[in-house]
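Single-structure report; data block below.
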Amino acid sequence: MELKFGDVVTEVDHMAEEIIIKQIQAAFPTHQIHSEEAGVIGLQNDWLWLVDPLDGTNNFAIGLPVFTTSITLMYKRIPVLGVVYEPMTDRLFVSVIGEGTYCNDKPIQVKSKPNLFKGNIGWIQGHKVQNDPRAVKLRQFIDVRFKRMMRLWAPTPHVCWGVSKE
């Protein structure tokens with residue numbers, strides 16, 4: 001296990017990243033890839049893949065089963081495809097521009113919540129600002145005014161869990 005600022009990197013991060021990068025390069029050899037651990041691969045062009053091989057590495061490292069693999073395809077800086085895989089629940093979320101969002105091939109949509117303050121809120125912040133007085137104040141404000149504040153240490157589960165079946 002490696003350490004980076006306030007975070008860890010595991011062997012699984014590197015293994016998953018290598019598999020994903022090889023598959024993208026095999027299918028789309030001219031596309032650029034920006035992966036969390038490897039950085040930028042390939043020449044800049046209209047197509048860019050963003051890869052987080054293990055979103056929630058800290059969770060994974062301590063045995064908390066809340067982590068995903070996240071891949072986004074951008075065309076001319078516009079996201080056209082998003083894929084999130086949640087291995088512990090075997091759920092695959094796919095969103096294609098103009099076609100909607102699916103979980104394991106079933107259509108899903110964002111849940112409607114007329115009263116925002118009765119909703120669940122996901123809180124995500126970087127390690128560098130976790131003790132910044134403004135961040136602490138905002139976190140406390142949210143914590144006492146909403147039904148629940150989830151702090152999962154991984155952004156993509158927050159996004160995926162905010163959807164429901166049609």
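Check 62, 21, 33 and return the single one that is β-branched (Val, Ile, Thr), touching a Ser or Thr at 6+ places or on another chain (Cβ under 7 Å) and over 22 Å from residue 110 (Cβ atoms). On inspection, the qualifying residue turns out to be 21. When residues of the stretch 102-127 are filtered for being assigned to a helix (DSSP H, G or I) and touching a Gly at 6+ places or on another chain (Cβ under 7 Å), how many remain? Count: 1.
Within the stretch 54-83, the set of residues being in a strand (DSSP E or B), at pLDDT 95 or above and either more than 17 Å from the chain's Cα centre (by Cα) or not hydroxyl-bearing (Ser, Thr, Tyr) (or both) comprises 71, 73, 74, 75, 78, 79, 80, 81, 82, 83.
Residue 137 meets each of the listed conditions (1) out of contact with any strand residue (DSSP E or B) (no Cβ under 7 Å at 6 or more places or on another chain); (2) open to solvent by 100 Å² or more (accessible area, probe 1.4 Å); (3) touching a residue at least 12 places away in the same chain (Cβ under 8 Å); (4) charged (D, E, K, R) apart from (3). Scanning the stretch 69-101 for residues that are farther than 30 Å from residue 10 by Cα, without any contact (Cβ under 8 Å) to a residue 12 or more places away in the chain and β-branched (Val, Ile, Thr) yields no hits at all. Looking only at residues in the stretch 84-104 that are within 15 Å of the chain's Cα centre (by Cα) and among the charged types (D, E, K, R), which one is surrounded by the most Cβ atoms within 10 Å (Cβ to Cβ)? Selected residue: 86.
Which residue is modelled with the lowest pLDDT, if the candidates are limited to the stretch 8-27 and must be open to solvent by 40 Å² or more (accessible area, probe 1.4 Å) and farther than 14 Å from residue 71 by Cα?
Initial filter on the stretch 8-27 (open to solvent by 40 Å² or more (accessible area, probe 1.4 Å)): 11-12, 14-15, 18-19, 22-23, 25-27.
Next, from what is left, pick out any that are farther than 14 Å from residue 71 by Cα: 11-12, 14-15, 26-27.
On the way: 11: 87, 12: 91, 14: 91, 15: 94, 26: 98, 27: 98.
So, considering only residues that are open to solvent by 40 Å² or more (accessible area, probe 1.4 Å) and farther than 14 Å from residue 71 by Cα, the one modelled with the lowest pLDDT is 11.
Kindly provide the set of residues from the stretch 33-73 that are more than 18 Å from residue 22 (Cα to Cα), out of contact with any Gly (no Cβ under 7 Å at 6 or more places or on another chain) and either aliphatic (A, V, I, L, M) or open to solvent by less than 50 Å² (accessible area, probe 1.4 Å) (or both), ordered by number. Hits for the stretch 33-73 are 55, 56, 57, 58, 59, 61, 62, 64.
The values are calculated or read from the model by the stated rules, or taken from the named source; none is laboratory data. Every value quoted in this text rests on a predicted model; they were computed, and no experiment measured them. Note that each Cβ is placed from the backbone with ideal geometry, even for glycine, and that neighbours are counted across all protein chains shown. Side chains included, ligands, DNA and RNA excluded: accessible areas come from the protein's heavy atoms. Shrake-Rupley method; radii C 1.70, N 1.55, O 1.52, S 1.80 Å.
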